[in-house]
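**Student:** Quick one: the structure is below, questions incoming.
What follows is calculated from the coordinates using simple rules that are stated; it is not laboratory data. Remember, predicted model here, so these are calculated numbers, not experimental data. Please note: Cβ atoms are built from the backbone with ideal geometry, for glycine as well, and neighbour counts cover all protein chains shown.
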Amino acid sequence: MSNIYDLSILPNQHAINSVADLHDDFIADCADFEMLLSRLKLNIVSSGDLLTQDYQRWFFTRGMDYFYNPKLFVYAPLNCTWVFLSELFKLYKIDYISKNVPKMVIKCVLLRLSDFKHPQFVS
């Protein structure tokens, strides 16, 4: 298992912004959830960093705390937030996520990522 607190795993600012920008789309309940999940996965995959790392053990222990209590994302560090999202999409297909992961979890993750957006890089 890789070290989740290694600073080298942090995504670049463009990747953070592109993923966090999807938050408003997830707020709109009329949107197609699977389509938004596909866009989210595409943005995460395009960042490329974490998908080669192994954080599965963290995801099934500490990550599940965030899953069952998404309010914890309010204080989550960037690396935990990013690893949670990347592992979610690495371990499960979009169809499974759309049926088994509450929208609130995704919304809370993206809201937290919005806190890490840098105005200079906002698209």
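**Student:** Lysines within cross-link reach of residue 117: Cα-Cα under 16 Å, excluding same-chain residues under 8 positions apart?
**Tutor:** Of all the lysines, those that pass the test against residue 117 - Cα under 16 Å, at least 8 places apart if same chain - are 107.
**Student:** Report the full-extension gain for the segment residue 61 to residue 92: residue separation times 0.36 nm, less the Cα-Cα distance, to one decimal in nm. Numbers along the way, then the final one.
**Tutor:** Values: separation 31, 0.36 × 31 = 11.16 nm, distance 1.63 nm.
Additional length available on full extension: 9.5 nm.
**Student:** Less than 15 Å apart at the alpha-carbon level, and either on another chain or at least 8 residues along: which aspartates and glutamates does that give for residue 71?
**Tutor:** Counting by Cα, and skipping residues close in sequence, residue 71 has these aspartates and glutamates nearby: 115.
**Student:** Determine, for 8, 46, 38, 86, the number of other Cβ atoms within 10 Å of each Cβ, and report the residues in order from fewest to most. Display every interim value, and only then the final one.
**Tutor:** Details: 8 8, 46 11, 38 14, 86 25.
The most exposed by this proxy come first: 8, 46, 38, 86.
**Student:** Further, regarding this structure: Which parts of the range 71-87 would a label at residue 5 reach, counting a residue when its backbone N lies under 20 Å from a point 7 Å out along Cα-to-Cβ?
**Tutor:** 72-85
**Student:** Once you place label points 7 Å from the Cα toward the Cβ at residue 118 and residue 28, how far apart are they in nm?
**Tutor:** Roughly 2.9 nm, to one decimal.
**Student:** Give me the orientation-averaged projected area of the Cα convex hull of the range 7-88, in nm², one decimal. Don't jump to the answer; show the numbers that get you there.
**Tutor:** Numbers: hull surface 22.3 nm².
Quarter of the Cα hull surface area: 5.6 nm².
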